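Note sheet for the following structure.
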Amino acid sequence: MFILKGIEQLENAIAKAKKLRPRVEFGSFGHYRVSGSKGYYTVICKKSDNGYKTVECTCKGAEKGLVCYHAAAALSLHVGLARQQQAA
Ligand SMILES: [Zn+2]
């Protein structure tokens with residue numbers, strides 16, 4: 001799990017996601033499944049009570065607090081959906 005502070009933090013992971021093009025499946029708002037080297041990982045994006053945006057992924061890298069490309073791929077979808085919700 002990591003706390004999302006800004007887009008800079010995601011740059012490397014976004015570059016990797018663009019290269020590998022994982023499949024992102026929508027579960028519910030903030031809840032996604034992303035394809036990886038060993039099957040699908042679950043990514044959960046949420047806002048904690050103190051206002052931090054946190055991202056969780058079930059892969060090994062994220063367990064260590066790294067920003068993985070699954071999270072980056074899911075976030076790009078999540079951010080788009082969040083904008084749509086605000087506009088609605
Ligand atoms: Zn991951």
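The values are calculated or read from the model by the stated rules, or taken from the named source; none is laboratory data. Quick caveat: nothing in here was measured; it's all calculated off a predicted structure. Because the Cβ atoms are built from the backbone with ideal geometry, glycine has one as well, and the counts that use them run over all protein chains shown. The accessibility values were calculated without ligands, DNA or RNA, using every heavy atom of the protein model including side chains. Shrake-Rupley method; radii C 1.70, N 1.55, O 1.52, S 1.80 Å.
Once Rg and the Kirkwood radius are both taken over the C-alpha atoms of the chain, their ratio Rg/Rh works out to 0.94.
Applying both filters, DSSP loop and at most 11 other Cβ atoms within 10 Å, to the trypsin sites (Lys or Arg not before Pro) of segment 53-88 gives 64.
Taking each residue as 0.36 nm, the span from residue 86 to residue 63 lengthens on full extension beyond its C-alpha to C-alpha distance by 5.2 nm.
The 3J(HN,Hα) values that the Karplus relation (6.51, -1.76, 1.60; θ = phi - 60°) gives for segment 32-39 are, in residue order, 9, 10, 10, 6, x, 5, 10, x Hz. Gly and Pro appear as x. Take the chain with all the other protein chains still there, run a 1.4 Å probe, and you get 69 Å² of accessible area per residue. Here each label is just a point 7 Å from Cα along the line to Cβ, and for residue 46 and residue 31 those points are 1.0 nm apart.
Entry note, the chain: relative contact order of 34 percent, from Cα contacts under 8 Å with a spacing of 6+ residues.
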